[in-house]
Amino acid sequence: MFPEYGLTGDLIPETRQTAALYGERMPEPETTESCMPCDSVMVGSEITQAIVCAARDAQLYVVANLIEKVSTVTQKTSPDCGDRQLLSAGAASHVGLQEELDLRALPACNNAPESEDNSLYNTNIIINSTGCIVAKYHKHSLFSHESMIFNSSDVEYAYVDTPFGRIGTLICFDLAFSEPGVNLVEKFNVDTIVFPTYWTMSNTSMQFYMNIVAYSSGWARRMGVNFLAANIRSLSSNSYGSAISTPNGIPADYYEPNQSKAGKLLIADLQVAPQRNNNSAAKFKASLSQRKETVKTEVLDLFGRELGDFDYNVVTLKPNANFASVCHGTICCRVYYDFVSLDPNRRHVLAAYNSRNSSTHNAPIQFDVCLFQTCKDNSTDSCFQYPISDSDAKFDQFSLTGQFDSDYVFPSLTGTNYGFNTVDWHFQRKGRTNEIIMDNGLPTKLLNAAMISTFE
């Protein structure tokens, strides 16, 4: 699997004209044309053809992210030649193109010229081991200025049955919403997600805690699937970090979100068609009651924090307490903790965000979140700053609990120095209540823990 834009350069094209230069003509899946020849060059489809032929030679399944150019050819006729004709090449499935075409009648049909209109899509293709395109997916949720470059697509569910289970595919910003990912698993029984992405780390919106390694691993745990996230490594845009995750939420192999490291090819053995998770309500009740018996709390300092398009309610965790809570509208978050040692140079906070109770309700992403975060220093201004990779604070016990309105809440947890494999944790839910539990009997350094509920 290749990252998003991994075959067209390390930056998103700035203009539609630039994107069109990389545009490829792609045959529709499972047609005669989808098994492209390798003995002659197909003009306008050279990159697609090269990948198809490489998959055929190596007998591999390949997922590639490319810019797809879809042409709609309009033939204009005179009234004497009957009804106006619309000839479409590979665009029948794209709703709305016909309305964009100029079908004005021409004086003579015999000499009627044809005009071409190109639509551009951020597209994944799945190629099977015989070298045929068997599935195609157009990115649904376009990020930032992508909406000015690419054509939008209705929700699509792209998946294919393979010898190693049913795989489905999404692209980058799609993962910030429930659709189409949730239904891809719940409705179409996909057991492995392949995910080309251009996922950045920044101090805006939610990227500071939603690094792609932690978030995709939590998504895998909540949905009970394998998850393969291939992120492009672009230092200029703070984009790095990839992972192959199993349904237990622990990456089988990953590339740390770290600018100082070179790129890496990720390889891992995965279980075919893993069984879906079954969260235990009995265990869940016990974990909460056990922690309530020893709760110590005190008056907490509440402050607000605006971050890009989002505003959070935030409280500071106190060293002589082991409980804190904060609400934002109907979203209420609680944390139970036991400090083994403190980092005197850093603040630890608990934050809540409810998009439907926010002054920034019109933000491009609608989501709810409960978040524990280690800050860069003791000031409130340093909270939610990226990057921070270490902390001297250690926890003996930690639990983050949140009340959410959605059934789909995705956990995310990061240890110090991005130690994703070193943190033993569990995620369980009952009704509106969701909980991350870290209780492995060993003091653990923890950078952040989050639960994110996404929706359209």
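Couple of notes before you dig in:
- Extreme residue, surrounded by the most Cβ atoms within 10 Å (Cβ to Cβ), among residues of region 1-11 that are in contact (Cβ under 8 Å) with a residue 24 or more places away in the chain and more than 22 Å from residue 243 (Cβ to Cβ): 8
- Extreme residue, modelled with the highest pLDDT, among residues of region 244-296 that are surrounded by fewer than 13 Cβ atoms within 10 Å (Cβ to Cβ) and of a type in the set (Asp, Glu): 269
- Each residue in region 428-447 was checked for being more than 16 Å from residue 336 (Cβ to Cβ) and modelled with pLDDT of 80 or more, and 5 of them qualify.
- Tally of residues being buried (at least 21 other Cβ atoms within 10 Å of the Cβ), at pLDDT 80 or above and part of a strand (DSSP E or B) across region 396-427: 12
- Yes/no for residue 234 being within 29 Å of residue 13 (Cα to Cα) and surrounded by fewer than 24 Cβ atoms within 10 Å (Cβ to Cβ): yes
- For region 1-49, a residue qualifies if it is part of a loop (DSSP other than H, G, I, E, B) and basic (Lys, Arg), and exactly one does: 25.
- 1 or more residues among the basic types (Lys, Arg): qualifying strands (runs of 3 or more DSSP E) within region 311-355: 331-341
- Restricting region 379-395 to residues that are outside any helix (DSSP H, G or I) and under 18 Å from residue 312 (Cα atoms), the residue that is modelled with the lowest pLDDT is 386.
- Answer residue from region 156-180, given it is without any contact (Cβ under 8 Å) to a residue 40 or more places away in the chain and part of a helix (DSSP H, G or I) and is surrounded by the most Cβ atoms within 10 Å (Cβ to Cβ) among those: 174
The values are calculated or read from the model by the stated rules, or taken from the named source; none is laboratory data. Computed from a predicted structure; not experimentally measured. Counting neighbours? That spans all protein chains shown, and the Cβs are built from the backbone with ideal geometry, glycine included.
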